[in-house]
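Single-structure report; data block below.
The values are calculated or read from the model by the stated rules, or taken from the named source; none is laboratory data. Please read these numbers as outputs of a predicted model, since none were measured by experiment. Cβ placement follows ideal geometry from the backbone for every residue including glycine, while neighbour counts extend to all protein chains displayed. Heads up: the accessible areas ignore ligands, DNA and RNA and are worked out on the full protein's heavy atoms, side chains in. Shrake-Rupley method; radii C 1.70, N 1.55, O 1.52, S 1.80 Å.
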Amino acid sequence: MCDSPEQSVVTYCTFTFIKYICLSAQNGVNPDWEKKVIEYFKEKLKENNAPKWVPSLNEVPLHYLKPNSFVKFRCMIQDMFDPEFYMGVYETVNRNTKARVLHFGKYRDVAECGPQQEVDLNSPRTTTLERQTFYCVPVPGESAWSFLNPSFNAYVNANQARVSPSTSYTPSRHKRSYEDDEDMDLQPNKQKDQHAGARQTGGVGGLQWCGEPKRLETEASSGQQLNSLSLSSPFDLNFPLPGEKGPACLVKVYEDWDCFKVNDVLELYGILSVDPVLSVLNNDERDASLLDPMECTDTAEEQRVHSPPASLVPRIHVVLAQKLQHINPLLPACLNQEQSKTFVSSFMSELSPIRAELLGFLTHALLGDGLAAEYLILHLISTVYTRRDVLPLGKFTVNLSGCPRNSTFTEHLYRIIQHLVPASFRLQMTIENMNHLKFIPHKDYTANRLVSGLLQLPSNTSLVIDETLLEQGQLDTPGVHNVTALSNLITWQKVDYDFSYHQMEFPCNINVFITSEGRSLLPADCQVHLQPQLTPPNMEEHMSSLLAAVLPSVLNKFRVYLTLLRFLDYSISDEITKAVEDDFVEMRKNDPQSITADDLHQLLIVARFLSLSAGQTTLSRERWLRAKQLESLRRTRLQQQKCVNGNEL
C-alpha cells in the first residue's frame, strides 16, 4: 500500500528532522539549527492540509505510533513540574579507537551510545540546558463530536507496523539536576545487538558504564499523578473528571514556557518518546544501589509519581506549541488571524436563519418553552470578557427552575447541550456526591504534584449542575466546602486551590447552568422558571427524535454559532449609553422599590448577549427594548409562580 501525499509529508518531516539533527551533531554545533527546525515544521504543516494527517494522540492508540515519530496532542496543562536540566550537547568516545562523536540531546529522553562507546562526562564540549515539563491530560469533558480528524483511520489504513517495545535495557538513573538526554538513533542496524548486549559493570548513578553499549536515562523531574501513593497501587492518570479516557502525557517544552500556565489548553506538535528504558524506574525490584545517592533525597513516592511507565504516560518533546482559543474543530484555530476573517464574515452573513433554527431546536428541548430557550442561547454564548477589580464581567449563570424532580429531564437536556458545545460536564448534586467528591485541586507535597479536582476545568467549559437529584440529608465538612467552592466559582469565576499552608486563586471562565425544582441553593445571575407547553410520555424518545430530526450540517452550524459569538467584540455608542441612562432613570421613577443598580447591570448583560446572538457587535435601541421585554416576561413569570406557590422561588 502506498502512502498518500499527506502521509508522505508527515513521514518526510519526521525523517528529515532526525537526519538534520544527526548531521548537525556530527558536523559541529550550528547555533541556528533550532530555529531552522521550527521554521521547517511550520512551513511543512501549511502544505497539503498536513495538520490533519499528523497522527493525534487524542485519536490514534499509542500502539499504532512508532517511537520518535512526529505527533500532535490537544490537551490541558494539569500540572507543572520543576524545570529539569539535560545534556543538550554531549560527546561519546570509542573505547578502542578513541574516536569522538558529538551528539545533540534535544528532543530526546535517553542518551544513546554505539558499540564500544561511552559518554565522556568531562568533555569540555558538553553543554547543559534547561527545559520545562508539563503534565498534560486530554481536555476535560471534551465532546465526542469534536473528534473530527481522520488521523485514526488514516493511520490504521496506512502500512504502519505496530511496535512492540523492548524491555531489555538495564539503566540507572542519574541525578535530576544533571540529566543526560539521548540523541537521535544514529546506528539503527546495530540496535538489535546493542539492546541484547546492554549490561552494567560498575559506576555510581548509572553514568560510569564500562560494559556493552547502553543508554543513559535522563528522565528525572517529569511526573505523573497518583491518588494513592502506595508503591503497590495502580497508576491514576489524575484526570479532573471521573470516567475520562485518553492518554496523559509528560510534555517537554524547550522555549517560551513562561507563556503557558496551569489549565491552559494547548495543541502540541512534537516528537513522541516511549522508550521502555523510562519504565524501569517503576520496577519495585530495582536495586536501590543503582540510584545516585544525591537523587535519593526524593521520596520513593515522588520518584514513582514523577517517572511513570512510558507505555502508560508517553513523553512528547515539543517542536511547536499553540495555546488554543477554543477546541471547536469546525472553526479556524485562531479567529484573530487575517485568513480567518473570510470564514467569519461568510458565517455572519447567514446568522439570522441559524439563530431562528437554534431557537426552535432548544424550544423543543425545553418542552415548548420559548422564553427559556432564549435565555439558554444567551447563556451558551456568554463569557467573561474582562475583570474589573475582582468582579468578572460577562458571566451569566442561569438557574432553570421548575424542572421535574427526580426525572430524567436534566439528563436528556444535558445530552442536547453536549451535542452543541465542545466541552461540558454534568454534576449530579446529591448529598453523597457533595460529601465525597473532590472538587478542589490540592497540592500533595509528599509526591510533589497537584492532585486534580472536579473544578479544574479549562475556559469555556459548560458545567451543568443537576440540583433536581438533591434529597434531604446532612452535608459534612467536605460537603460544605464543596458547596462553597461552587458558590465562589459562580460568583467570582475563580477556584481557590488548596496548597495546605495557603490557598491560591485560579481565575476561570466556566459557564454554569443549574437545573432545580425550586430556586437553586446556589447563587445565579438569572432565574428562569420553566413552563412546559407539552408533556412527552417518554422523555428519552422525545430528545432522541429531536436530535435525529436535525441534519448534521445544521447541527454543525449551531456549534459554530455558539463558539464564534463568544469571541466577537462588542461596544455601546455614546448615544445609546445616554439613552440607556435616561431609560433607567425613568424606570426608577416608575418603580423605585424594585429597580436597582443590579437590575441595570442585568439588563446590560442580557442586551449584550442578545445583540451578539443576532450578530450585532454594538447595542441598538431595538435590542435594548427587546432585552427589557425579555426581562419583564421573566420577572412576571417568577412573580406568578410565587403567588401560586405562596413562597419565593
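If I take every Cα pair under 8 Å that is 6 or more residues apart in the stretch 569-648, average their sequence separation and divide by the length, what percent do I get for the relative contact order? Working shown, then result.
Values: 39 pairs, mean separation 27.8, N = 80.
For the stretch 569-648, the relative contact order is 35 percent.
Proximity of backbone amide H atoms, modeled 1.01 Å from N, is registered between Arg387 and Leu393 at under 5 Å, excluding neighbours fewer than 5 places apart on the same chain.
Rounded to 0.05, the FRET efficiency of the Thr408 and Thr446 pair, given R0 = 45 Å and the Cβ-Cβ distance, is 0.60.
For the stretch 600-649, what class follows from the C-alpha gyration tensor (a ≥ b ≥ c being the square roots of its eigenvalues): rounded when a/c is under 1.5, otherwise prolate if a/b is larger than b/c, else oblate? Could you put the intermediate results ahead of the total?
Details: a/c = 3.52, a/b = 3.17, b/c = 1.11.
Prolate, since a/c reaches 1.5 and a/b exceeds b/c.
Computed from point charges on the beta carbon alone (+1 for Lys and Arg, -1 for Asp and Glu), the dipole magnitude for the stretch 569-648 about its Cα centre is near 380 Debye. Roughly what % of DSSP beta bridges within the stretch 338-568 run antiparallel, to the nearest 5? Approximately 40 percent, going by the DSSP bridge assignments.
Summarising the strand pairing of the stretch 31-150, around 95 percent of its internal DSSP beta bridges are antiparallel.
Taking Lys and Arg as +1 and Asp and Glu as -1, the other residues whose beta-carbon sits under 14 Å from that of Met504 total -1. Any chance you could list P(r) for the stretch 338-568, counting all Cα-Cα pairs in 5 angstrom bins from zero, rounded to whole %? Percent of pairs per bin, in order: 1, 6, 13, 17, 18, 16, 12, 8, 5, 3, 1, 0.
Qualifying GluC sites (Glu not before Pro) in the stretch 442-541, where qualification requires a DSSP coil assignment and no more than 11 other C-beta atoms within 10 Å, comprise Glu471.
Taking amide hydrogens as placed 1.01 Å from N in the peptide plane, the amide H of Val495 sits under 5 Å from those of Phe506, Cys508, each at least 5 positions away in sequence or on another chain. Could you list, in their original order, any pairs among Lys443/Lys494; Lys341/Lys628; Lys46/Lys323; Lys72/Lys438 whose Cα atoms are separated by more than 21 Å? Table pairs above 21 Å Cα-Cα are Lys341/Lys628; Lys72/Lys438. With the biggest extent put first, the Cα atoms of the stretch 324-388 measure 41, 34, 20 Å across the principal axes. Quick one: accessible surface of Asp109, probe radius 1.4 Å, all protein chains present, in square angstrom to the nearest 10. Around 0 Å² of this residue is reachable by solvent. Phi-derived couplings, Karplus 6.51 cos²θ - 1.76 cosθ + 1.60 at θ = phi - 60°, listed residue by residue for the stretch 253-267: 10, 9, 8, 6, 6, 5, 6, 10, 9, 4, 6, 5, 9, 10, 10 Hz, with x used for Gly and Pro. Couplings 3J(HN,Hα) of the stretch 98-110, computed from phi: 6, 5, 10, 10, 8, 10, 9, x, 5, 6, 9, 9, 10 Hz, in residue order, whole Hz [Karplus 6.51 cos²θ - 1.76 cosθ + 1.60, θ = phi - 60°; x for Gly and Pro]. What net charge do the residues around Gln602 carry, taking every other residue with its C-beta under 9 Å from that of Gln602, with Lys and Arg at +1 and Asp and Glu at -1? Combined, the nearby Lys, Arg, Asp and Glu give -4. How high is the FRET efficiency between Ser545 and Arg387 when r is their beta carbon distance and R₀ equals 45 Å, given to the nearest 0.05? Between Ser545 and Arg387 the formula returns 0.60. Here's how it looks for Val528: its modeled amide H is under 5 Å from those of Asn399, Leu400, Ser401, which are all 5 or more places away or on a different chain.
Coupling constants for the stretch 325-342 follow from the phi torsions by the Karplus curve (6.51 cos²θ - 1.76 cosθ + 1.60, θ = phi - 60°), and in residue order they are 6, 7, 10, 7, x, 7, 10, x, 4, 10, 7, 8, 6, 4, 6, 7, 5, 5 Hz; glycine and proline get x. Within the stretch 57-109, all pairs of alpha-carbon atoms sorted by distance into 5 Å bins from zero give the percentages 4, 12, 13, 14, 18, 15, 9, 7, 5, 2. In this label model, Asp582 and Gln339 are separated by 4.9 nm, measuring between points 7 Å along each Cα→Cβ vector. Under 16 Å from the 7 Å Cα→Cβ point of Asn96, by amide nitrogen: which residues of the stretch 108-134? Under cut-off, by backbone N: 114-118.
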